[in-house]
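Structure record follows, encoded as structure tokens.
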Amino acid sequence: MAVQATAPGAKRGRMSQRMRDNIAGFLFISPWLLHFFALIAFAMGYSLWISLNETDLFTWKFTGLANFTRIWEDELFWKSLRVTAYYTFTLVPLGIVIALSIALLMNQKVAGQGLWRTLYYLPSVVQGVAVAILWGYVLNPRFGLLNLGLERLGIEGPRWLFSETWAVPGFILMGLWGAGGAMLLYLAGLQGIPTALYEAAEIDGANSWHRFWYVTIPMLTPTIYFNLLINIIGSFQVFTQAYVLTQGGPNNATLTQVLYLYRKGFQDFQFGYASALAWVLFLIIMLFTILVVRSSDSWVHYEGEVKK
Amino acid sequence: MIKEEKAFPAVQSRQGTDWAVIVNKVQSAFGRVLLYGVLTIGAVIFAMPLIWMISTSLKPEGLVYQVPIVWIPPEPQWRNYIDGWTAITPSFTRYYANTIYITVMNIIGLVLSSSLVAFGFARIKFWGRNWIFLVLLATMMLPSQVTLIPIYLFWSKLGLVNTFWPLIAPEWLTNAYNVFLLRQFFMTINTELDDAARIDGAGWFRIYWNIIMPLSRPALGVIAIQAFAWNWNNYLGPLIYLSKPDMLTVAIALRLFETQQSARIPLTMAMTVVALIPVLIVFYVAQARFIQGIVVSGVKG
């Protein structure tokens, strides 16, 4: 750059560099642009159109916003919203606390860290149908692992997936079993905190609690933020467990939003109504995401920003 | 590493006699015992369902319901695996081949496309970058269900339902989550190396391929592992697009198995083990190479 600046026509050289960067940038992100236009923009437009119709994909009848007013009055929609919100806002905070706690424990100089990491991380790599089926048996009221364990402790376990009250907590336990994935990210974050920060805090007379609260936690907030966003969005779309294990029962106690949408679309063939449900789900997820993103300025700490 | 009270403030030990030291030692010994105790209880809870699964898969049917649980079946029924493998037609051989094909293709596509896009966002200043990135983040909120029906119509109009195309092509166009993750990682890599390479006349692609990619192996490994796990377990996609028995994936076959043979719990568990084994193997291999790597690279950052 310095050499260029002295050369004649330096200004033009700079401009073309900027132009080159523009072109290179768009080339690099072109897979995403293609994804965006084909799989998102076009598909969303089409989906919006479908939501304004009553259709089984063979016959079409334009009904305007009728699907949306119907949702507003739909008992089952509200039920599914309550179920999904209950699931999400219990699982996500609990998951963060548990994953972070395990990471903190493991970050103490423990012997055999590799082994511990494996044990905790393992359940999070196995997911999907296999885990749902496995947990169906773990949560079995009669011979399931969980209730047999509780019995050992003198507690009579609930009927889990067969009980209106306990079915969602059962799903939450299943979700917490996978907390090891986030644990790994926190562990990486913890080990990335420069020791100089702790030493500086110690010189300033900070005790271990202060160091945890004013050094460790702020330095981990970017990781916590990432997990919070991803998990809220992911949990709101919970489907497989409910589909495989309970089909939404008992008495719709596990009717999640996506399961309801699936039921309306692929079982009742009301694709217009299902599309409208998908849009409402989208708006709900967006609302919570914006809340988290907005709040992030006040609690997420980026080390790079301070330096500037 | 941090919380260990190795350097107990000198002020306090000056005030007291040896008591402070003794109390401190007892406390830390107690702390150690507590630490390992909590870790062990947690690990047992986390490991138990998997152990139960393997144990049950080797039991004769009668032993499943026995209380207290028989953890090690006296006569392991290895036949459960053979019987389960061929209990629905075609056999799991076919499901396995299909799933491996889809999964491998998608890992390659996803790692390449995600890293290219993430590099663009992390390193190159181009027109509208921040806005486009904001849009990308916004699309993470978009539930895939919104676009499910239109995309299905798209593939069916092309006559490509009941092929693997609808399951593979989108992965080659990356997704917001992986771009976000990789971009965050690329941003932690010092730009000094880029600058040095630029002075040597390297273009963006060389910087991407020769500098950023080799330095990002841990993060790319994590992406590949997640892509593997996700594709291996993907349920909704194959459910919608693949209906011919010859084309089913392991996940779909497993659910089919569970509904058709629900009374035979040991066989179901055997096939669940079969479905999970590749994930466990990949995890085991990856554990040494990548997961260690991301933790180590965390120290450097």
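Loop-located GluC sites (Glu not before Pro) in region A:103-192 (DSSP state other than H, G, I, E, B) with a sparse environment of at most 10 neighbouring Cβ atoms within 10 Å: A:GLU156. Among A:LEU65, A:LEU190, A:LEU139, the residue with the largest mean-square fluctuation in a Gaussian network model of chain A, with springs joining Cα atoms closer than 10 Å, is A:LEU65. Applying a length cut-off of 15 Å (Cα extent along the axis) and a mean Kyte-Doolittle floor of -0.5 to the DSSP H helices of chain A leaves A:75-107, A:113-125, A:180-191, A:217-236, A:271-299. Note on chain B: Lys pairs 8 or more places apart or on different chains, Cα atoms under 22 Å apart, count 4.
For the segment B:120-127, counting C-beta atoms of other chains within 10 Å of every residue's C-beta and taking the mean gives 6. Give a quick list of chymotrypsin sites (Phe, Trp or Tyr not before Pro) in region A:10-90 that DSSP marks as loop, anything other than H, G, I, E or B, with at most 16 other Cβ atoms within 10 Å. In loop regions of region A:10-90 (DSSP not H, G, I, E or B), the sparsely surrounded chymotrypsin sites (Phe, Trp or Tyr not before Pro) are A:PHE58.
Each Cα pair under 8 Å and six or more residues apart adds its separation to the average, and for chain A the resulting relative contact order is 25 percent.
Here is how the number arises for chain A: DSSP H runs of 4 or more residues each give -39500 (n - 2.57), the sum is divided by the residue count, and the result at 222 nm is -20500 deg cm²/dmol.
Length gained on full extension, B:GLN261 to B:LEU280: 4.4 nm, using 0.36 nm per residue less the C-alpha separation. Between the listed residues B:LEU153, B:PHE92, A:ALA179, the Cα displaced farthest toward the positive end of the dipole of the protein assembly as shown, a dipole computed from Cβ unit charges relative to the Cα centre, is found at B:LEU153. If you run the Gaussian network model on chain A, springs between alpha carbon atoms under 10 Å, then out of A:ILE233, A:ILE29, A:ILE40 the most flexible one is A:ILE29. Max-minus-min Cα coordinates of the protein assembly as shown on each principal axis give 76, 73, 48 Å, with the largest extent listed first.
Extension gain, B:ILE54 to B:LEU134: 0.36 nm times the residue separation minus the Cα-Cα distance gives 24.3 nm. With a 10 Å cut-off between alpha carbons and a GNM built on chain B, which of B:PRO68, B:PRO218, B:PRO238 moves the most? Result: B:PRO68 has the largest fluctuation of those listed.
Given a Förster radius of 25 Å and the C-beta distance between A:ASP268 and B:TRP165 as r, what FRET efficiency does 1/(1 + (r/R0)^6) yield to the nearest 0.05? If you can, show how the numbers build up before the last one.
Details: r = 28 Å, r/R0 = 1.13.
Efficiency, rounded to the nearest 0.05: 0.30.
Helix-only mean residue ellipticity at 222 nm, chain B, DSSP H runs n ≥ 4 weighted -39,500 (n - 2.57), per residue, nearest 500. What is it? Intermediate results must be reported in sequence, preceding the final value.
Numbers: 14 runs with 199 residues, N = 301.
Estimated from H runs of four or more residues: -21500 deg cm²/dmol.
A simple spin-label model places pseudo-atoms 7 Å from Cα toward Cβ; at A:PHE212 and B:TRP78 they are separated by 5.0 nm. Residues of region B:127-169 with amide nitrogen under 15 Å from the 7 Å Cα-to-Cβ point of B:THR191? Once the point is set 7 Å along Cα→Cβ of B:THR191, B:127, B:129-130 turn out to lie under 15 Å by backbone N, inside region B:127-169.
Bear in mind that the values in this text are calculations on the coordinates, not laboratory data. No experiment lies behind these values; they were computed from the predicted model shown. A quick note on method: Cβ atoms are made from the backbone with ideal geometry, for glycine too, and the neighbour counts reach across all protein chains shown.
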